[in-house]
Amino acid sequence: MLIDAKTRRLPGPRSFYGIQNLRGLGQMGMLDFIAQQWQQYGDLFEVQVGPQKLVIVIHPEHIRHITITNAANYEKLKSYDPVRKYIVGDGIVTSTGELWKRQRRLMAPFYTPRGVQEFAEIMLRDTLVLTERWERLAAERTLVEMFDEMALVTASIVLKAIFSTDSPEDILWIKQSVETMIGYAGSKRVNPLQAPDWMPTTDNRNFWNAQRKVHQYIDAVLDARLDMDEWDYPNDLLSKLILAEDTETGERMSRRLLRDEALTNFFAGYETSARSMSYAWYALANNPTVRARLHEELDRELGDAVPTLDTLKRLPYTLRVIKETLRLFPPAPMYAKDVVDDDVIDGYRIEKGAVMLLCPYFTHRHPDFWENPLSFEPNRHAPEAEKERHSQAYHPFASGQRVCLGNHFSLLETHIMLAILARRFDPELLPTYRARFIGETLLDISNGLPMVLTSRL
């Protein structure tokens, strides 16, 4: 598009080739660096980082422009190359254009609110198994690393949902291997100047071994599945993907895309839910009034019973706790969009080739849209409050057409898990513990999340 001469250059910290900005990022970390610049430059600003221009996007109206109003001008291109190359291939998270549209047509029916209910029994069973482990840990007052606890159970749920995998050993090594792949891709994204892939460094060898093992596992499952009669397929996501036919062409998914989508679903499915649950425990430990209100609802509506899809409807406050957790602690604190063509937002020039960094972590803390934004208040998500809120002030699963396809799966999973576990346990923080939040690809706590479990029953 033609850019009017009256448009303004984006504000932001000026630095020759971004050297000073790189230094600031290295010293402060991405979250603290953006927070500092936000205070100085406002809701839309530019940061030069080496050869790359990053445009930081915080205001809901600007989010709407990028993800809805002019979405065609903002794609997942070079900024997603590390995730595309090292983790999920051309799965739905990274695919673009006609391929993405086709994959979404094939997969969307499985991820509707009704569609994900097929996996509720898996979520329920695995959470109940975890309660048995937690009873022992609570009795012994054993210190647990909450991220590990939540990651193992969500990995188990997702692998069973995708592959019908029920081997604890397989679940553990697949989880560990994918974590190696995620870490490697993240390091390439943050520091593209590190050793090339072909060099036999320890990190490179660990990555290639992890990727090879995961791909071999998926290929073996695919081989076994495709050798079966379709009538004998188990009722899991892989079977649904194999059998899915494009409503426009009648074609089925290629073998390579089946592998990419299976890996995408695992990558996107277990890690985000694990972090959401971990941060829910962190929030509840720090907010006794909220915890008491949650207990009151769970005790009243569940008693000694386990939740069902019907009883979940009677646990609105439990779901609001999840939503408020996602507001303050979105698993993906920021996500990128590549600018396809020159654009204008609020009178500012947006140049082709720039990377837009949309920041739900900060949008969710914007004082113009959230009263007392740093306080944990689940009733912000009551229906009447949601109706009054700017539609893009809350986007933990991204926004627009590229909203996360698995959002209903994640919400159902965390709703079930919190209902069961919070009814029976209170995780407690150590008296001297202070969380140190960091975030680039995923929101993390650099010093972990050690907690002690206390039984409520």
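Listed by first and then second residue, the pairs with beta-carbon distance under 7 Å, at least 6 apart or on different chains, first residue in the stretch 441-457 and over 22 Å from LEU358 (Cα atoms) and among the β-branched types (Val, Ile, Thr), second at pLDDT 90 or above and in a loop (DSSP other than H, G, I, E, B), are VAL452/ARG141. Within the stretch 50-82, being buried (at least 19 other Cβ atoms within 10 Å of the Cβ) and over 23 Å from the mean Cα position of the chain (by Cα) holds for LYS53, ASN73. Taking first residues from the stretch 266-292 that are closer than 24 Å to SER156 by Cα and partners that are basic (Lys, Arg), the Cβ contacts under 8 Å between residues at least 6 apart in sequence or on separate chains come to TYR270/LYS175.
Here is the figure for the stretch 395-423: residues that are in contact with a strand residue (DSSP E or B) (Cβ under 9 Å, 6 or more places away or on another chain) and not in a helix (DSSP H, G or I) total 4.
The single condition from (1) surrounded by fewer than 20 Cβ atoms within 10 Å (Cβ to Cβ); (2) farther than 30 Å from GLY91 by Cα; (3) in contact (Cβ under 8 Å) with a residue 60 or more places away in the chain that ILE438 fails is (2).
Does PRO360 qualify as being crowded, with 22+ Cβ neighbours inside 10 Å and either within 28 Å of ASN70 (Cα to Cα) or within 23 Å of the chain's Cα centre (by Cα) (or both)? Can you show your working first?
Working: crowded, with 22+ Cβ neighbours inside 10 Å: yes; either within 28 Å of ASN70 (Cα to Cα) or within 23 Å of the chain's Cα centre (by Cα) (or both): yes.
Yes, satisfied.
Looking for whichever is surrounded by 15 or more Cβ atoms within 10 Å (Cβ to Cβ) and either within 16 Å of LYS76 (Cα to Cα) or not β-branched (Val, Ile, Thr) (or both) here; the options are ASP368, ASP338. Which one fits? Within the list ASP368, ASP338, the selection yields ASP338. Scanning the stretch 38-51 for residues that are within 15 Å of VAL344 (Cβ to Cβ) and in a helix (DSSP H, G or I) yields nothing. The residues of the stretch 265-315 that are among the β-branched types (Val, Ile, Thr) and surrounded by fewer than 23 Cβ atoms within 10 Å (Cβ to Cβ), listed by number, are THR289, VAL290, VAL306, THR308, THR311.
Residue count for the stretch 6-48 under the criterion of being within 26 Å of the chain's Cα centre (by Cα), buried (at least 17 other Cβ atoms within 10 Å of the Cβ) and either within 23 Å of ALA393 (Cβ to Cβ) or among the hydrophobic types (A, V, I, L, M, F, W, C) (or both): the result is 12. Scanning the stretch 139-184 for residues that are in contact (Cβ under 8 Å) with a residue 60 or more places away in the chain, in a helix (DSSP H, G or I) and out of contact with any helix residue (DSSP H, G or I) (no Cβ under 9 Å at 6 or more places or on another chain) yields one hit, ALA139.
Considering the stretch 52-96 alone, what residues qualify as being of a type in the set (Asp, Glu), touching a Lys or Arg at 6+ places or on another chain (Cβ under 9 Å) and not in a loop (DSSP other than H, G, I, E, B)? Full working, then the answer.
Filtering the stretch 52-96 for residues of a type in the set (Asp, Glu) gives 61, 75, 81, 90.
Narrowing further to those that are touching a Lys or Arg at 6+ places or on another chain (Cβ under 9 Å): 75, 81, 90.
Across the stretch 52-96, the qualifying residues are GLU75, ASP81.
Cβ-Cβ distances below 8 Å connect the following pairs, each with a first residue in the stretch 195-212 that is buried (at least 16 other Cβ atoms within 10 Å of the Cβ), a second residue that is at pLDDT 90 or above and among the β-branched types (Val, Ile, Thr), and a separation of six or more residues or different chains: PHE207/THR180; ALA210/THR180. Within the stretch 329-365, restricting attention to residues that are among the small types (Gly, Ala, Ser) and in a loop (DSSP other than H, G, I, E, B), which residue is nearest to GLY42 (Cα to Cα)? Out of the qualifying residues, it is GLY347. Against the test of being under 26 Å from LEU442 (Cβ atoms), modelled with pLDDT of 95 or more and in contact with a Pro (Cβ under 8 Å, 6 or more places away or on another chain), the options ARG327, ARG291 yield a single qualifying residue, ARG327.
Here ASP368, ASP444 are screened, and the one residue that is outside any helix (DSSP H, G or I), acidic (Asp, Glu) and more than 26 Å from ALA285 (Cβ to Cβ) is ASP368. Look at the stretch 219-244: where a residue is without any contact (Cβ under 8 Å) to a residue 60 or more places away in the chain and a partner is buried (at least 18 other Cβ atoms within 10 Å of the Cβ), sitting 6+ places away or on another chain with Cβ atoms under 6 Å, you get VAL221/PHE163; TYR233/SER239. Number of residues in the stretch 294-310 that are in contact (Cβ under 8 Å) with a residue 40 or more places away in the chain and not aliphatic (A, V, I, L, M): the value is 3.
Only one of LEU143, LEU159 is crowded, with 17+ Cβ neighbours inside 10 Å and modelled with pLDDT of 90 or more; which? Step through it out loud before you land on a result.
On the way: LEU143 fails: crowded, with 17+ Cβ neighbours inside 10 Å.
One residue alone meets the criteria, LEU159.
Just one of (1) touching a Leu at 6+ places or on another chain (Cβ under 8 Å); (2) over 30 Å from ARG456 (Cα atoms); (3) crowded, with 18+ Cβ neighbours inside 10 Å fails for VAL93. It is (1).
When LEU241 is tested against the conditions (1) under 16 Å from VAL158 (Cβ atoms); (2) modelled with pLDDT of 95 or more; (3) aliphatic (A, V, I, L, M), the lone failure is (2). In the set (1) within 30 Å of LEU243 (Cα to Cα); (2) modelled with pLDDT under 90, ALA151 fails one condition alone, (2).
The values are calculated or read from the model by the stated rules, or taken from the named source; none is laboratory data. Note that the structure is a prediction, hence the values are computed from the model and not measured. In this analysis, Cβ positions are derived from the backbone assuming ideal geometry, glycine residues included, and neighbour counts consider all displayed protein chains.
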